[in-house]
Amino acid sequence: MKAAEVFIQCLENEGVEYIFGIPGKETLDLVDAISKSKQIQFINVRHEQGAAFMADVYGRLSNRVGVCSSTLGPGATNLVTSIACANLDHSPVVAIVGQAGLERQHKESHQYIDIIKLMEPVSKWAIEIKDANTIPEIIRKAFRLAINEKPGSVVIELPENIAIQAAPPKASPVTQLPTSVPTTEALQQAVAIIHQSKQPFIIVGNGVIRQRATVELQTFVEHIQAPVTHSFMAKGILPKDDPLNYFSFGFQENDQVLQGISEADVLIVIGFDFVERFPKYWNKTKIPIIHIDALPAEVDEFYPVQVELVGNISETLKIMNTIDGLATPWSPSGNLKKQIAQSYQIDWNHKHLRSLPLTTENILHVIERLSSEKTIIISDVGAHKIAIARTFQAKAPNRLIISNGFASMGIALPGSIGAKFACPNDPVICITGDGGALMNISELETAKRLGLSFVIIVLNDHVLKLEEQMMMQKFGVSNGVTYGNPNFVQLAHSFGINGVRAEDVQHFEDVLKTALNAENKITLIDVPLNN
């Protein structure tokens, strides 16, 4: 077999079903081998950045490795932003990059740059295949690294001359990753600290969702009866009306929930990634910490670990849930839960929608009312991301996808395509600002061509709102943050999809209801914001 065919055989062995990408001269043999596969479908897209964003969200929702591809040179450099995004957001992605043949890499050569050096800082591992016989081992290692905690992106480079070499048809066996649990000594120390504490506070991060430990986390919260706050990326881990749910943190230094955290005598931090929010912003008084995660804790002055429960989060919490005497019911002073709920969710009367202004918060209230436990919300990055983190409560875990590690604008539209491949029967709503929307608007053609069905909400205010707010706060004046926009309704029509401009909140709700019930159709809703 040709090495390119062995490569695809190895991907089949890993269970790959989709590869998002754009072909080029250096990947023609690879794409030809994919066309002969009965398992893998090549999804040709309009930009390599979009391809990796699709693989990123596909990986987050499916708990499998998302795969994308590009050719050499400009195709590969177009991947960099979204590969970095997957890495810092801890999404399992493998990128396959074509490259010039080994015979011309030692000298100045058309479209050749050292992609491996470029990709090393933004990935868990970047490797060039120099011998066709190493393909099975390299692919097996790549997929293990991508999915293992903490997940991230891996880049495999396949030179053109290696792709056509003869190679034996052999794939490395796929073995299950080992599951570890904390030591007995560490568990005993953690239990002793909790027994001694009077006011523990639980902080939950994205790792709980990644490791599918939500049920065990909910049981643990009920078991210990301590207040809980969570990061943007852990929304949905507790029901909205759970009395112990103190909602999200990470908006700014004066988050209201920080008042409650400051009253704690121990923080139980579960599956939290520092990339979500540095401890100095939420643990200024250096409260002692019980660290529960798959990996040992980062060294940080404001993260004073007393004991580390290192191992699979789900298995660790199962053990903790069998231990009696952990319950330490308490509530922060004042009526903090009510204050947070009022501040983050805003009073809203759905009986008078026509009289309400078209604000991001009002739009989010409508979306929350119309969404189900299966609805997937993909948020782009901007001022609306903060509003979503504050006001939108996901009804289930891993149903709200926010880029909060690398926080890259432009992820929402291609990410929605990845979401539909991961969960084809679930409703998907893409929420984006006008800035992020136009970064990958070309993928509307991809979605239309593939016959996908989802809703795109463009929050249209002709400004980079978050940057404007920060500049006004810092300088008292803003510059370089405004721009003109196309007619988004006409733009949608030009792609052959439905486009509607919301006239008021009631009209938005009516349009959204219709769009969510439309099969095999994409609807873009242009929302001219009043805020």
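Restricting to DSSP H runs of at least four residues, report the calculated mean residue ellipticity at 222 nm for the chain, -39500 (n - 2.57) per run over all residues, nearest 500 deg cm²/dmol. Intermediate results must be reported in sequence, preceding the final value.
Details: 22 runs with 195 residues, N = 531.
Calculated at 222 nm, the ellipticity per residue is -10500 deg cm²/dmol.
Give the Kirkwood hydrodynamic radius (Å, one decimal) of the chain, defined as one over the mean of 1/r across all pairs of different Cα atoms.
24.4 Å
Please list, in order along segment 391-396, the HN-Hα scalar couplings obtained from phi with the Karplus expression 6.51 cos²θ - 1.76 cosθ + 1.60 (θ = phi - 60°), rounded to whole Hz, x for Gly and Pro.
The phi angles translate into 9, 9, 10, 5, 8, 7 Hz.
Give me the log10 of I(q) over I(0) for segment 3-163 at q = 0.10, 0.15, 0.18 Å⁻¹, as the Debye formula computes it from C-alpha points; what are the numbers?
Per q value, in the given order, log10 I(q)/I(0) is -0.29, -0.68, -1.02.
Which order do TYR58, TYR281 fall in if you start with the one that has the fewest other Cβ atoms within 10 Å?
TYR281, TYR58
So if I take the alpha carbon set of segment 184-332, get Rg, then get Rh from the Kirkwood formula, what is the Rg over Rh ratio? Don't skip to the answer; put the middle values down first.
On the way: Rg = 13.6 Å, Rh = 14.9 Å.
Ratio of gyration radius to Kirkwood radius: 0.91.
Nearest 5 is fine: what % of DSSP beta bridges in the chain come out antiparallel, could you say?
Antiparallel: roughly 5 percent of the beta bridges in the chain.
What percent do you get for the relative contact order of the chain when only Cα pairs under 8 Å and 6+ apart count? Don't jump to the answer; show the numbers that get you there.
Working: 1166 pairs, mean separation 71.2, N = 531.
Value for the chain: 13 percent.
What are the extents of the Cα atoms of segment 410-531 along their three principal axes, in Å, largest first?
The Cα atoms of segment 410-531 stretch 48, 29, 25 Å along their principal axes.
Could you give me the radius of gyration and the Dmax of segment 449-501, taking only the C-alpha atoms into account and expressing both in angstrom?
15.8, 47
Sort the following peptides by mean Cβ neighbour count (other Cβ atoms within 10 Å, averaged over residues), highest first: 476-489, 234-247, 427-440.
Numbers: 476-489: 12.5, 234-247: 19.9, 427-440: 25.6.
By packing density, highest mean first, the sequence is 427-440, 234-247, 476-489.
Convert each backbone phi in segment 498-506 into a coupling constant with the Karplus relation 6.51 cos²θ - 1.76 cosθ + 1.60 (shift: θ = phi - 60°), then list the ³J(HN,Hα) values in order as whole Hz, x for Gly and Pro.
Working through the residues one at a time gives 6, x, 9, 9, 5, 8, 7, 5, 4 Hz.
Amide H of SER248 versus every other amide H placed in the peptide plane: which residues, excluding those fewer than 5 positions away on the same chain, fall under 5 Å?
So SER248 has HN proximity to HIS230.
Bear in mind that the values in this text are calculations on the coordinates, not laboratory data. Everything numeric in this text was worked out from a predicted model, so none of it was measured. Backbone-built Cβ (ideal geometry, glycine too); neighbour counts: all protein chains shown.
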